[in-house]
Every structure is written in C-alpha cells, then in structure tokens.
1. Give me a count of the residues in region 61-95 that are under 14 Å from the mean Cα position of the chain (by Cα) and loosely packed, with under 11 Cβ neighbours inside 10 Å.
2. Does region 91-126 hold any residues that are more than 17 Å from Met77 (Cβ to Cβ) and in contact with a helix residue (DSSP H, G or I) (Cβ under 6 Å, 6 or more places away or on another chain), and which are they?
Amino acid sequence: MVFLYKFKAKVARNFVSILIQIAILDIVFSLDSVITAVGLADHIPVMILAIVIAVGVMMLSARVIGNFVDSHPTIKMLALSFLLLVGFSLMGEGLDLHIPKGYIYFAMAFLLGVEILNLKIRERATKPVRLRKALKE
C-alpha cells in the first residue's frame, strides 16, 4: 500500500511538472507573437485584434491539424525541415549573411509540393484491391 501511495505521488509530481513546462512554453510562444505584432504594427488596436484572431484560429484548428499530422508522419518531417530552414536563415541574418527571401519561399513551396504529391500517391496506393465476383462456369 505504501508503494502505491509513493507511485501516485510521483506521478502527480511529474504531471504537475509537465503542466508547468507546457504553461511556460505557451507563455514564451505567446510573448513571441506579441513581440512580432509590436514589430509589425504601429497601432495598438491592430496588434490586439491580430493576437486575438491568431489565438482563436489556433484554438479552432489545433485538433484538426493535430489529427492530420498524427495520421501523416512525413508532415512532421516537413515541419521540422521548415523550422530548420527558417532557423538557419535567421542564424545567417545574425551573421550578416543576406539570404534572399525568395530562395527560402521557393524551397518551402517546393517541399510542400513534393509532400502533397507524396500524400496523393500514398492515398492511391493504400486503397484496398476490389476483386471481381467469380465468373460462373
């Protein structure tokens, strides 16, 4: 009985720490959005409206997008490649290396196009084979 109590206490502490980590990440990403909005807009009502709309869209589409990504693992790799591409371009900008945005956008569009083709091909390949009824002899 003592072991079970210790196990429940450990699980509860881990759960609380996970919730705290998620909350901290949400705060960091929210602050990132606010800082971006401040940098892009001069009017405070525009910034507030942009943030409210962004949060609403994220809340409405999170489950659908999450389900889609879970059912298509290659989309996770595509998202990772986008993050790496943007990260390296930001690092390059920080080192005073100018990378034309057109190159980055073209690379993203090309990757997205290839992934869409792959999804279409896999969709066709996974359909079950329909057998014809046996011919009567």
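Read-outs: derived from the displayed coordinates by stated rules, not from any lab. Note that this is a predicted model, so its numbers are computed, not measured. Because the Cβ atoms are built from the backbone with ideal geometry, glycine has one as well, and the counts that use them run over all protein chains shown.
1. Qualifying residue count, region 61-95: 11.
2. If the condition is that a residue be more than 17 Å from Met77 (Cβ to Cβ) and in contact with a helix residue (DSSP H, G or I) (Cβ under 6 Å, 6 or more places away or on another chain), then Ile99, Ile104 are the ones that fit.
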